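Before any comments, here is the structure.
The values are calculated or read from the model by the stated rules, or taken from the named source; none is laboratory data. For clarity, every value in this text was computed on a predicted model and none was experimentally measured. For neighbour counting, all protein chains shown are included, and Cβ atoms are generated from backbone atoms with ideal geometry for every residue, glycine included. Side chains included, ligands, DNA and RNA excluded: accessible areas come from the protein's heavy atoms. Shrake-Rupley method; radii C 1.70, N 1.55, O 1.52, S 1.80 Å.
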Amino acid sequence: MIEVQRFHAIAPSNIALLKYWGKQAGGEQWPANASLSLTLHTLHTATVAHRNHEGEHQVTLNGQRIYRGEAGAQKIFRHLDRLTTVAACSNKLTITTKNSFPTACGIASSASGFAALTIAGLAACYGTESLRVLADEYEWTAARMADLARLGSGSACRSFWGGFVQWSPGSRPDAQTYTQVYDHTYWPLWDTVVLVASGSKPILSSAGHEHAWSSPLFAPRLAGMAEKLQQFCAALTHRDLGRLGPLLEQEALEMHGVMMSAEPSTRYFGGETAAVLAWLRRLRHDEGLQLYFTLDAGPNIHILGEHGDQQRLHHRLAQDFPHYPYLCDSVGAGPQLRLLDNEDASWSAEPCRL
Ligand code: PMV
């Protein structure tokens, strides 16, 4: 049997420290404010693509074939249409994509998913297995790929770099910029994702971004964003968790405040999440642990801290919330194209307790 080598695009997920919520008019996913994220290491999507002669894209997501027109699949097919058009590729693409984390555990995969789809799709269109060739010969730099991935999912654009990444709106929709503020070696933070995975059913983030403007909290939020960004950057500069942590928690709650006070009001988490947040604050107070939470548009809790405190956290989680699984992650180096076995265990997000 001939062994066919398949190069996978591996793109990490990222967790926003300073959040992107709300876009400006003008299209091209133009955010209302700058955001700052931490690129993750093990939470990622692995995607392989090749050109086909079928007349339609063929997409298999976590082992299941999906079709254009199905709810949730349209964004992916639209992105493939956009990608093959811009790369002047006359074929459709066959895509196999898999997340490193368990499906249906409530972790959004759109950032890693659209980043991996963009890299794998372009690699297939140009027939290359090298990110360097994509950049040097076809001018697909990380920033240009991020511009394209962003059209599928805004937060995907920050997954093209490792470490700490800033996405800024610029003065025009086509003048958005990305900056790797620090690489993954700068500050080895850990992220434990507690999978509460229940709570009220979220609306799609694309609708949520539009509704943000109807919240009375949104204009004051935007007015304070430049200063807040500076505060986040100062905390990063000093690698000062005692300074970063309170900013992180306040920012997550402010975003959820905007979501809840928008019209229609959207609540992405319920009492189970709130109970863990209160528990974490008690743990910090009673045991002096430097652990701080942030939230995405969902009920699961990202708890950031440094190595020793994370170990203590896992012990206490097992004691106090034995029914919640959690995933352990850290700061990652960014995307790559590489050979990957079907079951590449070394790259699976460790379900610490599933
Ligand atoms: O990338 P989208 O359109 O799914 O928006 C996600 C926005 C948040 O995850 C809630 C915040 C962020 O900056 O990633």
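With respect to the conditions (1) within 16 Å of the chain's Cα centre (by Cα); (2) of a type outside the set (Lys, Arg); (3) away from the ligand (no atom under 16 Å from the Cβ); (4) open to solvent by less than 50 Å² (accessible area, probe 1.4 Å), ALA175 lacks only one, and its number is (1). Checking each residue in segment 153-171 for being open to solvent by 10 Å² or more (accessible area, probe 1.4 Å) and more than 10 Å from the ligand (Cβ to nearest atom) picks out PHE160, TRP161, GLN166, SER168, PRO169, GLY170, SER171. With respect to the conditions (1) surrounded by fewer than 18 Cβ atoms within 10 Å (Cβ to Cβ); (2) more than 15 Å from the ligand (Cβ to nearest atom), LEU236 falls short on a single one, namely (1). Criterion applied to LEU61, LEU80, LEU40, LEU36 was being touching a helix residue (DSSP H, G or I) at 6+ places or on another chain (Cβ under 9 Å) and modelled with pLDDT under 95, and the one residue passing it is LEU61. Residue count for segment 285-308 under the criterion of being open to solvent by less than 50 Å² (accessible area, probe 1.4 Å), out of contact with any strand residue (DSSP E or B) (no Cβ under 8 Å at 6 or more places or on another chain) and more than 16 Å from the ligand (Cβ to nearest atom): the result is 1. Scan segment 109-125 and tell me whether some residue there is in contact with a strand residue (DSSP E or B) (Cβ under 8 Å, 6 or more places away or on another chain), more than 16 Å from the ligand (Cβ to nearest atom) and over 12 Å from HIS8 (Cα atoms). Yes, the conditions are met somewhere in segment 109-125. Looking at segment 257-267 only, could you name the residues that are open to solvent by less than 50 Å² (accessible area, probe 1.4 Å) and out of contact with any Ser or Thr (no Cβ under 7 Å at 6 or more places or on another chain)? Those that are open to solvent by less than 50 Å² (accessible area, probe 1.4 Å) and out of contact with any Ser or Thr (no Cβ under 7 Å at 6 or more places or on another chain): GLY257, THR266.
Looking across THR42, THR85, THR47, one residue alone is open to solvent by less than 10 Å² (accessible area, probe 1.4 Å) and not in a loop (DSSP other than H, G, I, E, B). It is THR47.
Of the helices (runs of 4 or more DSSP H) contained entirely in segment 142-244, those carrying at least 3 residues that are small (Gly, Ala, Ser) fall at 142-152, 205-211, 225-237. Note on segment 20-39: among residues that are assigned to a strand (DSSP E or B) and among the hydrophobic types (A, V, I, L, M, F, W, C), the one that is nearest to the ligand (Cβ to nearest atom) is LEU36. As for segment 336-353, it holds no residue that is under 24 Å from GLY163 (Cα atoms), modelled with pLDDT of 95 or more, among the small types (Gly, Ala, Ser) and open to solvent by less than 30 Å² (accessible area, probe 1.4 Å).
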